[in-house]
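Asks: Got a structure for you, written out below as structure tokens; questions coming shortly.
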Amino acid sequence: VSTDVTAPSPPGHSTGAVGRRVERADGRVKLTGQAEFTGDIRPPRMLYGAVLRSPVAHARVLTVDASPAEKLDGVVSVLTAGDLADLDPFYGHALRDRPIVAIDRVRFAGEPVAVVAAETQAAADLAVTRIEVEYDALPVAASLEAALAPGAPLVHEEPARPGSAHGLGRLPERDGNICYHYGFERGDLERAFDDAAVVVTGEYSFPAVYQYSMETHTTIADYRGDEIVLWSSCQHPFLVRQEIAALFGRPLDQVQVIVPFLGGGFGSKSYTKMEPIAVAISRKAGRPVRIRNGVHESMVTTRRHNMRCRMRTAAAADGTLLGRAVDLWLDTGAYADNGPRVTATAGDAAPGPYRWRAVRVSADCVYTNTGPAGSYRAFGATHLQWIGESQVDEVARRLSLDRLDIRRRNLLRPGEEVRPGGKPLDADLVGDVEKAAAAICWDQPLADGRGRGVSVGLLAAGAHPVSTATVRMGADGGVTVLVGTTEAGQGARTVMAQIAAEVLGAPVDRVLVRGTDTRYTPYDRSTGASRSTTVAGLAVQRAAQAVLDALIETASTMLEAPPRLLRLEEGAIRSGSRLATHQELVRARFGFDGGELVGHGRVQPEGGTGSYAEGPVFWEVCVAGAEVEVDKQTGVVRVLRTASVADVGKAINPQLVARQDEGATLQGIGNALFEEMRYTPDGFLMNDTLLDYRIPSFEDMPASMTCTIVENGDGPGPFGAKGCGEGVLAAIPAAIVNALADAGVPMNVLPLTPERVWRRIQELDQGTEQERT
Amino acid sequence: VTERISALVNGRPFEGRVAAHELLIDFLRDELALTSVKQSCEVEACGTCTVLVDGAPVSSCCFLACDIDGRHVETIEGLAGTPFHQSAVEAFLRHAAVQCGFCSAGMILTAKVLADRGVDPSPDQVSQAMSGNLCRCTGYRSILDAITTVLRESREGAGGSREGAPA
């Protein structure tokens, strides 16, 4: 394949590296057990950490006596709040509300109170049990209801301080336990409801869910005189660096964050988690310290927000959607973490992707005495889509309209406004939902006890569009990409290699992408919000283009031809019958058997500040269909068939796109059918092991699972790409809920456990009998 | 309290003392640097820390190191380079059945047991047999496809050698 290197690339054109399956860059090293994760690293002199966690959900801490622990063999240091007196020890990227370890007060069961560093893990684990703490119990607000009740105990009494990376403009004052509010009202809502032929009203409940990445949070910190070095399983190393630098009073370049492979993330390793506590104990011990959470510890480190929601949808007799009013409350636990952002995203997802005459949304982020909630794949959208879409289906049912037709009539079209001042719709939602319906055989007859559903939604994606990347071509023509994207399993290293290879005409297997080391890797805001291919990928594309420009300049001289007559070939540039390999070009440029071409790429907000209001970078499409079967004797729901639609603009690697959708589908099945963190009224997490908290297994896979990739070239990323991999997690539970309603069992509580579904069936049966009598 | 053990680990003899309460996963990772053995659930529910003991799958997070006395332990490091492992690597790569990679070694070791036991390479049989190995990334379909491929190849390989062997 050859291409005119100076001509603008026609859409869909490829020199061969993008748009196809390539072997995963990290596949062999992972399949032979050689891939290095944070827990596999042991720097010299490393100590093992163990965290003492609060046994109560809300209490004053009267005394902490570490001396019995300090006397034990092998114990080097014990850190308590008293060791933080010289610091401003509060962190949190949204609200700076969280101390490194509890100071005077614990706010959830599981909150770190002290940390031990010892020569062995066993010594550290034993020492933790010897620390003596005296608690004075306070009233507990362990649920949304308790935290919002009049006279509820306040989880935080101090005024909130904004964090450094919330990106939400001016934060409102805390109101009782409500730490953040997001809301908007557009159009005349009262009139819209007055004009309605049908109004659907409901109250809904969504559970707390654990992300369950297979690798728990793991961090090694080495606090030295002149620098702080961290190895951490984190998704956002540059934001971790920023928070650690601020906490410990260091310039950014004295904090080095190294990110090995992540054993999954899904949002659970976004922002700052165990890093502050690890740095603090290393500072005291004077040696590197590793902290590796157990699952029960990671489950109180982060989770998905549980939510209560009231929604009303109004429609005209012809099925035109008129108005929607939504009130929702998200339980962010004892510390805000990413709660404010989750709340704003949930608020934006609440109307659904429809053309409304009027809409009102009120979203509150609420502190409770439970473990902090943060990001989990497709946050906000997963919370709201099943609710909004079940109301659209209910409107259709009451008006005897086809459920696809009502969507065709009301869905936003490309270019239409999604929210005032934000990015207009950049996707063909009608086409997408029709594809999902077709893939689950929408028009075929259904057996008794079965139902089908589709769902469509949008997720504000891309986060803050700031990424930089460097591409280096060495004297042998080999290419190294330095980009801050974290490889968490999604295939980022493979995709970045494909993007650079495509631009340069280099063989994909000559492009090396390694993990982030903030000392050498240029800045990238974060790995999340489906932004890596789109935003960081664009920085890589631009960096590679800078290298290509240098190659072309040299080739033009060397081959004595103007650039427009040059053609890109694999690993070389050609003019007529003359060929110069990348190796020859780099060496020719330096007149030496060495040298290196270095290109830099930058992405930043164009014509704005990149604020949330102006965004998003793109709208991630959340479309899926499902067919389910319900056993009315037992309430057991089985998902027989799913169809996802990956509307990705351009699939850099279609196989990896499909894998993202399949993974999100199974997480969606778990979220919809059985995953739920359960707390006692006094705030104890009851199911904090994998024995009690089940995630999907091989046997939960639907018999049929399809993924349709849509490539309309309408993304802002490289080659027209836009991100994927999250939207399906929002779309699948919604499709399942709609399919179950189609089978005769409408539900307003997730997860759809057999008991809940069975009870609902009994209620419906009794209702029918009462109607008859 | 320590116990003297004598065992084979990936074909190599190990002679020495281990703490009586030491878990096999810690022994393999910390003493022998076999870091392919990953820790996740710690309650024998996820399959991530699977190793083979005398050819049977064992969750090394809930198995005492001293109980390998007189037995043979295999991890993915020991399987590397064998025809089964090569076949598994190629199948997993072809189907992109590895994402974060944390569960991969356990998946391949469990699949090895299915191959050794001659489990029928049908999707239902394999799903049932693999249901103790969890993966949060892939959605399982690609792993199922890879393992059924490997089991089929393994059968054909075994069948081929039987046919070729003298009666």
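The values are calculated or read from the model by the stated rules, or taken from the named source; none is laboratory data. Just so you know, these numbers come straight off a predicted model, no measurement behind them. Glycine gets a Cβ as well: all are built from the backbone with ideal geometry, and neighbour counts include every protein chain shown. The accessibility values were calculated without ligands, DNA or RNA, using every heavy atom of the protein model including side chains. Shrake-Rupley method; radii C 1.70, N 1.55, O 1.52, S 1.80 Å.
Asks: May I ask you to verify whether B:T75 is in contact with a strand residue (DSSP E or B) (Cβ under 9 Å, 6 or more places away or on another chain), closer than 21 Å to B:V53 by Cα, open to solvent by less than 20 Å² (accessible area, probe 1.4 Å) and more than 9 Å from every other protein chain (Cβ to nearest Cβ)? Let's see the steps before the verdict.
Replies: Working: in contact with a strand residue (DSSP E or B) (Cβ under 9 Å, 6 or more places away or on another chain): yes; closer than 21 Å to B:V53 by Cα: yes; open to solvent by less than 20 Å² (accessible area, probe 1.4 Å): yes; more than 9 Å from every other protein chain (Cβ to nearest Cβ): no.
Spelling it out, it is not the case that B:T75 is in contact with a strand residue (DSSP E or B) (Cβ under 9 Å, 6 or more places away or on another chain), closer than 21 Å to B:V53 by Cα, open to solvent by less than 20 Å² (accessible area, probe 1.4 Å) and more than 9 Å from every other protein chain (Cβ to nearest Cβ).
Asks: If I ask for residues that are touching a residue at least 60 places away in the same chain (Cβ under 8 Å) and either small (G, A, S) or open to solvent by 10 Å² or more (accessible area, probe 1.4 Å) (or both), which ones from segment A:398-413 would you list?
Replies: Result: A:R398, A:L399, A:L401, A:R403, A:D405, A:R409.
Asks: Among the listed residues A:V645, A:V621, A:V639, A:V628, identify the single one that is β-branched (V, I, T), in a strand (DSSP E or B), out of contact with any Asp or Glu (no Cβ under 8 Å at 6 or more places or on another chain) and within 24 Å of A:P696 (Cβ to Cβ).
Replies: Within the list A:V645, A:V621, A:V639, A:V628, the selection yields A:V628.
Asks: Anything in segment A:452-486 that is more than 20 Å from A:V513 (Cβ to Cβ) and in a strand (DSSP E or B)? List them, or say none.
Replies: A:R452, A:G453, A:V454, A:S455, A:V456, A:G457, A:L458, A:L459, A:A460, A:A461 - these are the residues of segment A:452-486 that are more than 20 Å from A:V513 (Cβ to Cβ) and in a strand (DSSP E or B).
Asks: If the requirement is being open to solvent by less than 10 Å² (accessible area, probe 1.4 Å), touching a residue at least 24 places away in the same chain (Cβ under 8 Å) and not charged (D, E, K, R), which of these qualifies: A:G601, A:G595?
Replies: One residue alone meets the criteria, A:G601.
Asks: Now for a different question. Here is a list of conditions, (1) within 31 Å of the chain's Cα centre (by Cα); (2) part of a helix (DSSP H, G or I); (3) within 27 Å of A:R250 (Cβ to Cβ), and A:V29 meets all of them except one; can you say which number that is?
Replies: (3)
Asks: Check A:E145 against each of (1) among the charged types (D, E, K, R); (2) part of a helix (DSSP H, G or I); (3) buried (at least 18 other Cβ atoms within 10 Å of the Cβ) and name the one condition it does not meet.
Replies: All conditions pass for A:E145, except number (3).
Asks: Continuing with the same structure: Can you tell me which residue among A:A334, A:A325 is hydrophobic (A, V, I, L, M, F, W, C) and farther than 30 Å from A:I220 by Cβ?
Replies: Going through A:A334, A:A325 in turn, the sole match is A:A325.
Asks: Shifting gears a bit: Looking at (1) more than 14 Å from chain B (Cβ to nearest Cβ); (2) open to solvent by 20 Å² or more (accessible area, probe 1.4 Å); (3) assigned to a helix (DSSP H, G or I), can you tell me which one A:A317 breaks?
Replies: A:A317 satisfies all of (1) more than 14 Å from chain B (Cβ to nearest Cβ); (2) open to solvent by 20 Å² or more (accessible area, probe 1.4 Å); (3) assigned to a helix (DSSP H, G or I) except (3).
Asks: Could you look through segment B:80-99, keep only residues that are of a type in the set (G, A, S) and at the interface with chain A (Cβ under 8 Å from one of its Cβ atoms), and pick out the one that is most open to solvent (accessible area, probe 1.4 Å)?
Replies: Per the criteria, the residue is B:A80.
Asks: To continue, here is another question. Please count how many residues of segment A:670-702 are in a helix (DSSP H, G or I) and facing chain B (nearest Cβ under 10 Å).
Replies: Counting residues in segment A:670-702 that are in a helix (DSSP H, G or I) and facing chain B (nearest Cβ under 10 Å) gives 4.
Asks: Residues B:A56, B:A33, B:A20: which one is away from chain A (no Cβ under 14 Å), open to solvent by 10 Å² or more (accessible area, probe 1.4 Å) and without any contact (Cβ under 8 Å) to a residue 60 or more places away in the chain?
Replies: Values: B:A33 fails: away from chain A (no Cβ under 14 Å); B:A20 fails: away from chain A (no Cβ under 14 Å).
Result of the check over B:A56, B:A33, B:A20: B:A56.
Asks: So in segment A:335-392, with the set limited to residues that are among the basic types (K, R) and under 28 Å from B:R136 (Cα atoms), which one is surrounded by the most Cβ atoms within 10 Å (Cβ to Cβ)?
Replies: Within segment A:335-392, the match that is surrounded by the most Cβ atoms within 10 Å (Cβ to Cβ) is A:R341.
Asks: In segment A:684-700, what residues are aliphatic (A, V, I, L, M) and either out of contact with any Lys or Arg (no Cβ under 8 Å at 6 or more places or on another chain) or open to solvent by less than 30 Å² (accessible area, probe 1.4 Å) (or both)?
Replies: Matches in segment A:684-700: A:L685, A:L690, A:L691, A:I695.
Asks: Oh, and also: Specify which of the listed residues (A:V418, A:V454, A:V430, A:V466) is open to solvent by less than 10 Å² (accessible area, probe 1.4 Å) and hydrophobic (A, V, I, L, M, F, W, C).
Replies: Just one listed residue meets the conditions, A:V454.
Asks: Additional query: All but one of (1) touching a helix residue (DSSP H, G or I) at 6+ places or on another chain (Cβ under 7 Å); (2) open to solvent by 10 Å² or more (accessible area, probe 1.4 Å); (3) free of Cβ contacts under 8 Å to residues at least 40 places away in the same chain; (4) not aromatic (F, W, Y) hold for A:R525; which doesn't?
Replies: (3)
Asks: Next question. Filter segment A:99-120 for residues that are closer than 17 Å to A:E157 by Cα and in a strand (DSSP E or B); which is most open to solvent (accessible area, probe 1.4 Å)? Quick ask: steps written out before the conclusion?
Replies: Quick first cut of segment A:99-120, residues closer than 17 Å to A:E157 by Cα only: A:99, A:102-108.
Applying the additional criterion that residues be in a strand (DSSP E or B) yields A:99, A:105-106.
Details: A:P99: 4, A:R105: 29, A:V106: 0 Å².
Filtering segment A:99-120 for residues that are closer than 17 Å to A:E157 by Cα and in a strand (DSSP E or B), the one most open to solvent (accessible area, probe 1.4 Å) comes out as A:R105.
Asks: Something else about it: Can you list residue pairs whose Cβ atoms sit under 6 Å apart, with the first residue in segment B:116-144 being at the interface with chain A (Cβ under 7 Å from one of its Cβ atoms) and within 23 Å of B:G101 (Cα to Cα) and the second being open to solvent by 40 Å² or more (accessible area, probe 1.4 Å) and not in a helix (DSSP H, G or I)? Count only pairs 6 or more apart in sequence or on different chains.
Replies: From segment B:116-144, the pairs are B:S142/B:H95.
Asks: Just to verify a result, which residue in segment A:723-751, among those that are surrounded by fewer than 24 Cβ atoms within 10 Å (Cβ to Cβ) and within 23 Å of A:R678 (Cβ to Cβ), is farthest from the chain's Cα centre (by Cα)?
Replies: Filtering first and then ranking leaves A:M747.
Asks: Now for a different question. Please go through segment A:558-588 and give me each residue that is among the basic types (K, R) and either surrounded by 18 or more Cβ atoms within 10 Å (Cβ to Cβ) or under 19 Å from A:G477 (Cα atoms) (or both), ordered by number.
Replies: Selection gives A:R567, A:R574, A:R578, A:R587.
Asks: Kindly check whether there is at least one residue in segment B:100-108 that is surrounded by 22 or more Cβ atoms within 10 Å (Cβ to Cβ) and either polar (S, T, N, Q) or on the phi > 0 side of the Ramachandran plot (or both). So that I can check it myself, show each step before the final result.
Replies: Of segment B:100-108, the ones surrounded by 22 or more Cβ atoms within 10 Å (Cβ to Cβ) are B:100-108.
Narrowing further to those that are either polar (S, T, N, Q) or on the phi > 0 side of the Ramachandran plot (or both): B:101, B:104.
Yes, segment B:100-108 has at least one match.
Asks: Here's something else I'd like to know. Looking for whichever is open to solvent by 30 Å² or more (accessible area, probe 1.4 Å) and among the acidic types (D, E) here; the options are A:D226, A:D222. Which one fits? Talk me through it step by step, then tell me what you get.
Replies: Details: A:D222 fails: open to solvent by 30 Å² or more (accessible area, probe 1.4 Å).
Exactly one residue qualifies, and that residue is A:D226.
Asks: In segment A:122-129, is there at least one residue being open to solvent by less than 30 Å² (accessible area, probe 1.4 Å), away from chain B (no Cβ under 14 Å), closer than 20 Å to A:L685 by Cβ and touching a helix residue (DSSP H, G or I) at 6+ places or on another chain (Cβ under 6 Å)? Spell out the reasoning first.
Replies: To start, the set of residues in segment A:122-129 that are open to solvent by less than 30 Å² (accessible area, probe 1.4 Å) comprises A:123-124, A:127-128.
Add one more test, that the residue is away from chain B (no Cβ under 14 Å), and what stays is A:127-128.
From what is left, the residues that are closer than 20 Å to A:L685 by Cβ are A:128.
Keeping just the survivors that are touching a helix residue (DSSP H, G or I) at 6+ places or on another chain (Cβ under 6 Å) gives none.
Scanning segment A:122-129 turns up no residue that is open to solvent by less than 30 Å² (accessible area, probe 1.4 Å), away from chain B (no Cβ under 14 Å), closer than 20 Å to A:L685 by Cβ and touching a helix residue (DSSP H, G or I) at 6+ places or on another chain (Cβ under 6 Å).
Asks: Kindly provide the set of residues from segment B:1-45 that are assigned to a loop (DSSP other than H, G, I, E, B) and touching a Leu at 6+ places or on another chain (Cβ under 6 Å), ordered by number.
Replies: B:L34, B:V37, B:C41, B:V43, B:A45
Asks: For segment A:259-267, state whether one or more residues are open to solvent by 10 Å² or more (accessible area, probe 1.4 Å), away from every other protein chain (no Cβ under 14 Å), in contact with a Ser or Thr (Cβ under 8 Å, 6 or more places away or on another chain) and not in a helix (DSSP H, G or I).
Replies: Scanning segment A:259-267 turns up no residue that is open to solvent by 10 Å² or more (accessible area, probe 1.4 Å), away from every other protein chain (no Cβ under 14 Å), in contact with a Ser or Thr (Cβ under 8 Å, 6 or more places away or on another chain) and not in a helix (DSSP H, G or I).
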